[in-house]
Amino acid sequence: MSFENEHALVLFSGGQDSTVCLAWALQRFGKVETIGFDYGQRHAIELAVRPRVRERIASLDPAWAARLGEDHVLPLETLGRISETALTRETAIAMADNNLPTTFVPGRNLVFFTFAGALAYRRGAKHIVAGMCETDYSGYPDCRDDTVKAMQVALTLGMDRRFVLHTPLMWIDKAGTFALAEQIGGKKFVDLVVEETHSCYLGDRSRRHDWGYGCGQCPACQLRAAGWDKWTSVSGNRK
Ligand code: ZN
């Protein structure tokens with residue numbers, strides 16, 4: 001099936017996962033817009049890197065540049081205000097009693113999808129693309145495949161408009177995400193992902209590692225570093 005005439009909206013945070021999702025969408029949909037959310041996250045640097053990532057992605061391929069449409073950043077301070085978590089407060093990142101890390105923002109992706117759906121409706125986008133992943137995630141229940149499928153049904157029914165939610169990373173680990181990046185855009189795109197995207201929960205861009213910038217200690221950095229090591233040891237050509 002060709003998606004050349006179809007319109008997609010990508011949940012784009014400026015992190016590694018959503019950047020690969022953006023390229024994935026640019027590869028197949030005729031028109032691609034992006035949406036980001038400002039909910040007072042500690043790693044607000046993510047939001048700051050977004051324009052540059054978009055700009056550089058567009059420069060990789062004229063076809064992608066032609067397809068890349070508007071960017072939308074929605075303020076969602078309310079979400080930050082009601083969630084006492086390590087992502088929105090100066091709290092230590094650790095495991096809590098519920099076996100979830102203290103970075104867990106309850107219902108975050110449900111809220112994101114709802115707003116993305118509302119915007120997609122207005123913009124005439126049928127496809128919503130997001131970087132949720134069940135493979136090496138931190139156990140966030142709103143990243144689960146069943147949650148995303150339930151949201152697809154809820155949005156489709158609740159707005160009486162057919163939506164398709166795509167999560168191209170759902171069943172691959174971080175090493176697989178690097179491999180997918182290379183498959184989609186080659187070495188240039190992997191370089192862009194490493195250099196420009198931001199995943200560190202602490203917002204640290206002062207330290208540059210082989211796998212990109214970050215504190216190197218937080219769960220997001222550890223996942224990214226482990227994925228890079230695994231991928232480079234398999235591909236054998238990046239170190
Ligand atoms: Zn970090």
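The values are calculated or read from the model by the stated rules, or taken from the named source; none is laboratory data. Computed from a predicted structure; not experimentally measured. Because the Cβ atoms are built from the backbone with ideal geometry, glycine has one as well, and the counts that use them run over all protein chains shown. Heavy atoms of the whole protein, side chains included, go into the accessibility calculation; ligands, DNA and RNA do not. Shrake-Rupley method; radii C 1.70, N 1.55, O 1.52, S 1.80 Å.
Among the numbered criteria (1) of a type outside the set (Phe, Trp, Tyr); (2) open to solvent by 40 Å² or more (accessible area, probe 1.4 Å); (3) at pLDDT below 95, which single criterion is violated by Glu46?
Against the list (1) of a type outside the set (Phe, Trp, Tyr); (2) open to solvent by 40 Å² or more (accessible area, probe 1.4 Å); (3) at pLDDT below 95, Glu46 comes up short only on (2).
Would you point out the residue of the stretch 1-27, among those that are open to solvent by 10 Å² or more (accessible area, probe 1.4 Å) and assigned to a loop (DSSP other than H, G, I, E, B), that is nearest to Leu47 (Cα to Cα)?
Ser13
Regarding the stretch 201-208, can at least one residue be identified that is open to solvent by less than 20 Å² (accessible area, probe 1.4 Å), within 16 Å of the chain's Cα centre (by Cα) and not aliphatic (A, V, I, L, M)?
Taking every residue of the stretch 201-208 in turn, none turns out to be open to solvent by less than 20 Å² (accessible area, probe 1.4 Å), within 16 Å of the chain's Cα centre (by Cα) and not aliphatic (A, V, I, L, M).
Condition test on Glu6, is it under 25 Å from Gly107 (Cα atoms) and not aliphatic (A, V, I, L, M)? Steps first, please.
Details: under 25 Å from Gly107 (Cα atoms): no; not aliphatic (A, V, I, L, M): yes.
No.
If a residue has to be hydrophobic (A, V, I, L, M, F, W, C), within 9 Å of the ligand (Cβ to nearest atom) and not in a loop (DSSP other than H, G, I, E, B) to count, how many in the stretch 203-224 make the cut? Break it down into steps so the answer makes sense when it comes.
Here is the first cut: in the stretch 203-224, the ones hydrophobic (A, V, I, L, M, F, W, C) are 211, 215, 218, 220-221, 223.
Those still in the list that are within 9 Å of the ligand (Cβ to nearest atom) too: 215, 218, 220-221.
Then drop every residue that is not not in a loop (DSSP other than H, G, I, E, B), which leaves 220-221.
Selection size over the stretch 203-224: 2.
Mind checking which residues of the stretch 165-192 are in a loop (DSSP other than H, G, I, E, B) and over 12 Å from Cys21 (Cα atoms)?
Selection gives Trp171, Ile172, Asp173.
Do we find that Phe189 is touching a helix residue (DSSP H, G or I) at 6+ places or on another chain (Cβ under 7 Å), in contact (Cβ under 8 Å) with a residue 12 or more places away in the chain, aromatic (Phe, Trp, Tyr) and over 25 Å from Phe112 (Cα atoms) in this structure?
It is true that Phe189 is touching a helix residue (DSSP H, G or I) at 6+ places or on another chain (Cβ under 7 Å), in contact (Cβ under 8 Å) with a residue 12 or more places away in the chain, aromatic (Phe, Trp, Tyr) and over 25 Å from Phe112 (Cα atoms).
Checking the structure you have, find out if any residue of the stretch 139-152 is within 16 Å of the ligand (Cβ to nearest atom) and among the charged types (D, E, K, R).
No, the stretch 139-152 contains no residue that is within 16 Å of the ligand (Cβ to nearest atom) and among the charged types (D, E, K, R).
Report whether or not Asp191 is away from the ligand (no atom under 16 Å from the Cβ), at pLDDT below 95, open to solvent by 20 Å² or more (accessible area, probe 1.4 Å) and not basic (Lys, Arg). If you could, list the steps in order and put the result at the bottom.
Values: away from the ligand (no atom under 16 Å from the Cβ): yes; at pLDDT below 95: no; open to solvent by 20 Å² or more (accessible area, probe 1.4 Å): yes; not basic (Lys, Arg): yes.
So Asp191 does not fit the description; no.
In the stretch 159-179, how many residues are more than 14 Å from the chain's Cα centre (by Cα) and touching a residue at least 40 places away in the same chain (Cβ under 8 Å)?
Final tally of qualifying residues: 6.
Only one of Val148, Val153 is of a type in the set (A, V, I, L, M, F, W, C), touching a strand residue (DSSP E or B) at 6+ places or on another chain (Cβ under 8 Å) and farther than 23 Å from Arg52 by Cβ. Can you tell me which?
That would be Val148, the only listed residue that is of a type in the set (A, V, I, L, M, F, W, C), touching a strand residue (DSSP E or B) at 6+ places or on another chain (Cβ under 8 Å) and farther than 23 Å from Arg52 by Cβ.
Assess whether Ile128 counts as being more than 16 Å from the ligand (Cβ to nearest atom), open to solvent by less than 30 Å² (accessible area, probe 1.4 Å), assigned to a helix (DSSP H, G or I) and among the aliphatic types (A, V, I, L, M). Let's see the steps before the verdict.
Details: more than 16 Å from the ligand (Cβ to nearest atom): yes; open to solvent by less than 30 Å² (accessible area, probe 1.4 Å): yes; assigned to a helix (DSSP H, G or I): no; among the aliphatic types (A, V, I, L, M): yes.
No; evaluated as a whole, the condition is false for this residue.
Open to solvent by less than 60 Å² (accessible area, probe 1.4 Å), within 16 Å of the ligand (Cβ to nearest atom) and under 27 Å from Trp64 (Cβ atoms): which single residue out of Thr177, Thr232, Thr197 fits that description?
Checking each option against the conditions leaves just Thr197.
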